[in-house]
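Down below is the structure, laid out as structure tokens.
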Amino acid sequence: MKDSIKVFAPATVANVVCGFDVLGFAVNEPGDEVIMRLTEKPGIHISKITGDNGRLPLDPKKNTVSVSVEHYLNYIGRPDVGLDIELHKKMPIGSGLGSSSASTVAGLFAAKAILDDRTDLIELLPFARKGEEMACGHGHADNVAPALLGGFVLIRSYEPLDVIKLPHPAGLYCAIVFPDVDVPTREARQIIRTKILMKDAVTQWGNIAGLVSGLFLNDLDLIGRSMQDVLVEPVRSMLIPDFYKMREIAMETGAISFGISGSGPSVFSFTRDEETAKQIAQKLQKQLASIHINSNAYVSPINDEGPKILG
Ligand code: HSE
């Protein structure tokens, strides 16, 4: 058994435009890293956090990674274990890319690996959701489930939790651009309408079914025309600079789809190939620069692997 381990967990795109709180997928980059060590002294200690500009608490009772790991240790009957955690944030916080999920999943995966525990990955999901609940007041699973399981994931039900891994077309690429404006998930959830019209619900569930069918059928056109959101995007797009202009640019450059990643402000497009994804990312960054907004861009296929041990 190793007494130190380094783990990476990926960023995720939640909602996938029409599937608010029920769809998400993982990407290759960015992501977070956790280095975990077994210690003689029982309890969880956070010795270091980097890349967060001092925004995340070192107090293990207040940090989403340590709190999730503590719940997991209790679940497997090992509250006696001593763990030291280093968290290296390699992605922006409050970006709509599942930043807290990547950290929490990296922590849970590291703890399971270092203890050589045989618990099924899916059983870690409730502990990862605890982290989301702490981070934004709601335990949605559409970031943590794909971060943990990799690939494209459907949360068919929350009570009871019913999570299904979906197939996806092999060549599907994703261009993500994060405009450097802060949109905390907690606030981005508060502005959403809580009551919707039947007419809008019909449009939305038609699109969700269309998207899932497109994934099974390898039908990129069906995927593209299904990725429309009449419920959440009309409200949240207001928080994202030049959202509609960026959509125009992405679609003109050959995107299959364009929309908000998670609660924003990141936006993403699906494309048929890597080159188109790179062009879209570049053009969107140029548009944001023209209105004096810094941005980060990532181009990735869907990450089917999920978290991995780096060393
Ligand atoms: N489904 C969540 C939301 C994802 O849209 O609020 C947050 O990243």
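Counting the residues of the stretch 105-157 that are among the hydroxyl-bearing types (Ser, Thr, Tyr) and farther than 14 Å from Val69 by Cβ gives 1.
For (1) in the same structural domain as Met91 (by TED's automatic domain parsing); (2) within 16 Å of the ligand (Cβ to nearest atom); (3) under 16 Å from Val22 (Cβ atoms), each residue gets a yes or a no:
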site: Pro184; (1), (2), (3): no, yes, no
site: Arg189; (1), (2), (3): no, yes, yes
site: Arg193; (1), (2), (3): no, yes, no
site: Trp205; (1), (2), (3): no, no, yes
site: Ser213; (1), (2), (3): no, no, yes
site: Glu233; (1), (2), (3): no, yes, yes
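Just a yes or no: is a residue in the stretch 235-252 buried (at least 17 other Cβ atoms within 10 Å of the Cβ) and of a type in the set (Phe, Trp, Tyr)? Looking for residues that are buried (at least 17 other Cβ atoms within 10 Å of the Cβ) and of a type in the set (Phe, Trp, Tyr), one finds at least one in the stretch 235-252, hence yes.
Filter the stretch 48-80 for residues that are among the aliphatic types (A, V, I, L, M) and either in contact with a helix residue (DSSP H, G or I) (Cβ under 6 Å, 6 or more places away or on another chain) or not in a loop (DSSP other than H, G, I, E, B) (or both) and give the result. Matches in the stretch 48-80: Ile49, Val65, Val67, Val69, Leu73. Every listed requirement among (1) farther than 24 Å from Pro92 by Cα; (2) in a loop (DSSP other than H, G, I, E, B); (3) out of contact with any strand residue (DSSP E or B) (no Cβ under 9 Å at 6 or more places or on another chain) is met by Thr203 save one, (2).
For Gly24, the requirement of being at pLDDT 95 or above, within 13 Å of the ligand (Cβ to nearest atom) and out of contact with any Leu (no Cβ under 8 Å at 6 or more places or on another chain) is met. For the stretch 86-100, state whether one or more residues are surrounded by fewer than 22 Cβ atoms within 10 Å (Cβ to Cβ) and either of a type in the set (Asp, Glu) or out of contact with any Asp or Glu (no Cβ under 9 Å at 6 or more places or on another chain) (or both). Within the stretch 86-100, one or more residues are surrounded by fewer than 22 Cβ atoms within 10 Å (Cβ to Cβ) and either of a type in the set (Asp, Glu) or out of contact with any Asp or Glu (no Cβ under 9 Å at 6 or more places or on another chain) (or both). The set of residues from the stretch 1-21 being closer than 30 Å to Arg236 by Cβ and either assigned to a loop (DSSP other than H, G, I, E, B) or away from the ligand (no atom under 16 Å from the Cβ) (or both) comprises Phe8, Asn15, Val16, Val17, Cys18, Gly19, Phe20, Asp21. Note on the stretch 238-276: residues that are within 16 Å of the ligand (Cβ to nearest atom) and under 20 Å from Ser99 (Cα atoms) total 12. Per the listing Ile208, Ile192, the residue uniquely outside any helix (DSSP H, G or I) and in contact with a helix residue (DSSP H, G or I) (Cβ under 8 Å, 6 or more places away or on another chain) is Ile192.
Evaluate the following for Lys48: is it modelled with pLDDT under 95, in the same structural domain as Leu115 (by TED's automatic domain parsing) and in contact with a strand residue (DSSP E or B) (Cβ under 7 Å, 6 or more places away or on another chain)? Spelling it out, it is not the case that Lys48 is modelled with pLDDT under 95, in the same structural domain as Leu115 (by TED's automatic domain parsing) and in contact with a strand residue (DSSP E or B) (Cβ under 7 Å, 6 or more places away or on another chain). Those helices (runs of 4 or more DSSP H) of the stretch 216-311 in which 3 or more residues are modelled with pLDDT under 95 are absent.
Does Ile256 qualify as being hydrophobic (A, V, I, L, M, F, W, C), touching a Gly at 6+ places or on another chain (Cβ under 7 Å) and either touching a residue at least 12 places away in the same chain (Cβ under 8 Å) or surrounded by fewer than 16 Cβ atoms within 10 Å (Cβ to Cβ) (or both)? Spelling it out, Ile256 is indeed hydrophobic (A, V, I, L, M, F, W, C), touching a Gly at 6+ places or on another chain (Cβ under 7 Å) and either touching a residue at least 12 places away in the same chain (Cβ under 8 Å) or surrounded by fewer than 16 Cβ atoms within 10 Å (Cβ to Cβ) (or both). Exactly one residue out of Phe25, Phe20 is within 30 Å of Ile208 (Cα to Cα), buried (at least 16 other Cβ atoms within 10 Å of the Cβ), among the aromatic types (Phe, Trp, Tyr) and in contact with a Ser or Thr (Cβ under 9 Å, 6 or more places away or on another chain): that is Phe25. The residue list Leu38, Leu58, Leu87, Leu83 contains one member that is free of Cβ contacts under 8 Å to residues at least 40 places away in the same chain and in contact with a strand residue (DSSP E or B) (Cβ under 7 Å, 6 or more places away or on another chain), which is Leu58.
The values are calculated or read from the model by the stated rules, or taken from the named source; none is laboratory data. On a predicted model such as this, the values are computed, not experimentally measured, just so you know. Cβ sites come from the backbone with ideal geometry, for glycine too, and all protein chains shown count toward neighbours.
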